[in-house]
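Peer 1: Structure provided below as structure tokens; questions to follow.
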Amino acid sequence: MIPELGHLLLYFALGAAIAQGVLPLVGAQRGNVGWMSLGRPLALAQALLVLAAYICLTYSFIYNDFSVLYVASNSNSALPIQYRIAAKNNPKAQLLDLLRTEHPGDAGIVYCLSRASVETTAQYLVDHGIPALPYHAGLNSGVRAWNQARFLREDALVMVATTAFGSSGGAATPSRRLSQSMISRHTGAAPLTPLTPCIGAPLALPTQTPTV
């Protein structure tokens, strides 16, 4: 409530500043001494409002921590709470290493920016022993439906997809998600949270252990 009050006071201060700049000029043009004399009290009101806003916001900053930890602990638990940032260096190999070392046997979705990267990434994972299927709008509708059905039924299967997979509604129930710029996971009703990047974007590697 106090931060909102501070913001409201700033709006009032802005109104006072506008009035201070306009009313005396209009008063001078019309010969209205009363309006001309409003400059000083409006300036005083503006200063007091800004001071009050500063006090409110400073109090909020001191007694209500706005750090990432505070925001994460007081926000929607479905939001990601931790990120790992790393330089992109052979992203396919980085993705493979992540799947092997941190999520062996997990199902998930790898989001890629283009259909071509979907195909090459899925094939790369298969060639290195990770069960994977492609999914994008360029595939035959029957193939897309079959791959989606397999993903929903089978364990330890990775779906490599464009955003068409998420928008189709088929990604609502899988056990884990991974995206072009990050990988996210959830299990059952657990919150959806990012884990790591895929191919083609700067590497941002968020992680969180899901609630089972």
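Peer 1: What are the ³J(HN,Hα) values, in whole Hz, obtained from phi via the Karplus relation 6.51 cos²θ - 1.76 cosθ + 1.60 with θ = phi - 60°, for each residue of the stretch 91-104 in sequence order, with x given for Gly and Pro?
Peer 2: Once θ is set to phi - 60°, the couplings for the stretch 91-104 become x, 4, 5, 5, 5, 4, 5, 4, 5, 6, 8, 10, 9, x Hz.
Peer 1: Whole-Hz ³J(HN,Hα) for each residue in the stretch 44-52, computed from phi via Karplus 6.51 cos²θ - 1.76 cosθ + 1.60 with θ = phi - 60°, x for glycine and proline: what do you get?
Peer 2: Listing the rounded values in order: 5, 4, 4, 5, 5, 5, 5, 4, 5 Hz.
Peer 1: Using modelled backbone amide H atoms (1.01 Å from N, in-plane), which distant-in-sequence or interchain residues come within less than 5 Å of Val110's amide H?
Peer 2: Amide H to amide H, under 5 Å and 5 or more residues apart or across chains, Val110 pairs with Met159, Val160, Ala161, Leu178.
Peer 1: For the stretch 2-64, which semi-axes, largest first and in whole Å, follow from the square roots of 5 times the eigenvalues of its Cα gyration tensor?
Peer 2: Gyration-tensor ellipsoid for the stretch 2-64: 31, 9, 5 Å.
Peer 1: In which sequence would Phe165, Phe12, Phe61 go, from the one with the fewest C-beta neighbours within 10 Å to the one with the most?
Peer 2: Phe61, Phe12, Phe165
Values in this text are rule-based calculations from the coordinates and carry no lab data. The model shown is predicted, which means the values in this text are computed figures rather than measured ones. Note that each Cβ is placed from the backbone with ideal geometry, even for glycine, and that neighbours are counted across all protein chains shown.
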